[in-house]
Amino acid sequence: MNQQRGFTLVEIVAAISVAALVLALAIPSSIRFFESMQFRAGIRDVATMLNAARYHAVAEGRSQDVAISPEQNWVRFGDEEVTFDETVSLRVDSAREVNRDRLGIIRFYPDGGSSGGGVQIEREQGGSVSISVDWLVGRVTLAFGVDDV
């Protein structure tokens, strides 16, 4: 008696169909997750950059500027730059006296204070963060929007 073992064509097609369905559902979800991770990393980098500028101002005894370009979607301090993609919009609130060349500038002073201001970062898909810089003590704080990042 010769028994053959293996899968039938129907079983193989069913298994491939289930795998394709799982991939079809998982890929868009993983793309959204990756985009959310990039957004969060950008927020963290901007907050770190602002804190680093304050630290450098105090340590070096001279003012340090963080430049923000809402038109080109970047935040820059020295050689460091955080760039956001086109699905993210930046808005900057800063002192008019220190702004230059269509850039918003947040300046940190050697005494630990700053010119004050903030950066609002919003995603098209929802989610927003407001990063505020206290003018008196230069403290950097984050406030998440209703959609929470």
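Each value in this text was obtained by applying a stated rule to the coordinates, not by laboratory testing. These figures come from a predicted structure and were not determined experimentally. As a convention, Cβ positions derive from the backbone with ideal geometry for all residues, glycine included, and neighbour counts pool all protein chains shown.
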Which distance in nm do the two modelled labels at residue 20 and residue 45 give, with both placed 7 Å along the Cα-to-Cβ direction?
-> 3.9 nm
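Normalized C-alpha radius of gyration of the chain, against 2.2 N^0.38 Å? Walk me through the numbers on the way to the answer.
Details: Rg = 24.1 Å, N = 149, 2.2 N^0.38 = 14.7 Å.
So the Cα radius of gyration is 1.64 times the expected 2.2 N^0.38 Å.
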Within the stretch 17-116, DSSP-loop GluC sites (Glu not before Pro) with at most 12 other C-beta atoms within 10 Å are 71, 86, 97
With runs of 4+ DSSP H residues as the only contributors, calculate the mean residue ellipticity of the chain at 222 nm using -39,500 (n - 2.57) per run, divided by the residue total and rounded to the nearest 500.
-> -13000 deg cm²/dmol
Förster-model FRET efficiency, 22 Å R0, residue 36 and residue 101, C-beta, rounded to 0.05 | 0.10
Hey, what angle do you get for helix 9-60 against the long axis of the chain, alpha-carbon based, 0 to 90 degrees rounded to 10?
-> 10 degrees
Residue 27-residue 13 pseudo-label distance in nm [points 7 Å out on the Cα-to-Cβ vector] | 2.2 nm
Estimated distance in nm for a label pair at residue 130 and residue 143, the labels positioned 7 Å out from Cα along Cα-to-Cβ = 0.3 nm
Using unit Cβ charges (K, R positive; D, E negative) and no other charged atoms, how large, in debye to the nearest 20, is the dipole of the stretch 77-149 about its Cα centre?
-> 340 debye
Compute the longest continuous run of the chain that contains no exposed trypsin sites (Lys or Arg not before Pro); treat a site as exposed when its DSSP state is not H, G, I, E or B and it has at most 12 other Cβ atoms within 10 Å.
-> 6-61
